[in-house]
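To start, the structure under review is shown below, and the notes come after it.
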């Protein structure tokens, strides 16, 4: 068994900005030479989240609209009253979606559905630099003699 670690970094616009991180995750896994393993992605911070969706404009908008219904940006939040930063809704949305994703690597490839992409959602009310911590525990591929 071996452990691989990486940090992926993204500039986001906030306010629900959703980015497809699948290509970066696949490139990272391929560069490590992992044959089979279990992995996790984690976004530090309390106003961003990770999930999987079909990354196309309709679903991205549907997710944003569903989260607006669940945690409206214009509603009063105790957090905003305490801190005055106006991002209480972002904290609630991030808590609903969650900060991490687990995944499998099989045969050197990220296991996912045909239309399933891994996405970063930044709910904060301002642009941010977000980092995603990636870790895989598994077996390396065959090396040439």
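Derivation of every value follows stated rules applied to the coordinates shown; laboratory data play no part. Note that the structure is predicted; figures quoted are calculated from it, not measured. All Cβ positions, glycine included, derive from the backbone under ideal geometry; neighbour counts span all protein chains shown.
Within the option set 33, 39, being touching a residue at least 60 places away in the same chain (Cβ under 8 Å) and crowded, with 17+ Cβ neighbours inside 10 Å holds for one residue only, 39. Pairs are defined by a Cβ separation below 8 Å, a sequence spacing of at least 6 or placement on different chains, a first member in the range 84-111 that is closer than 16 Å to residue 18 by Cα, and a second member that is in a helix (DSSP H, G or I); the pairs so defined are 91/79; 93/67; 93/70; 96/67; 96/70; 97/67. Tell me, yes or no, whether the range 43-53 has at least one residue that is surrounded by fewer than 17 Cβ atoms within 10 Å (Cβ to Cβ), in contact with a helix residue (DSSP H, G or I) (Cβ under 8 Å, 6 or more places away or on another chain) and part of a strand (DSSP E or B). Scanning the range 43-53, I find at least one residue that is surrounded by fewer than 17 Cβ atoms within 10 Å (Cβ to Cβ), in contact with a helix residue (DSSP H, G or I) (Cβ under 8 Å, 6 or more places away or on another chain) and part of a strand (DSSP E or B), so the answer is yes. Within the range 54-73, the set of residues being closer than 18 Å to residue 96 by Cβ and touching a helix residue (DSSP H, G or I) at 6+ places or on another chain (Cβ under 8 Å) comprises 67, 70, 71, 72, 73. Condition first: surrounded by 14 or more Cβ atoms within 10 Å (Cβ to Cβ), part of a loop (DSSP other than H, G, I, E, B) and touching a strand residue (DSSP E or B) at 6+ places or on another chain (Cβ under 8 Å). Now tell me which residues in the range 79-101 satisfy that. Matches in the range 79-101: 99 only.
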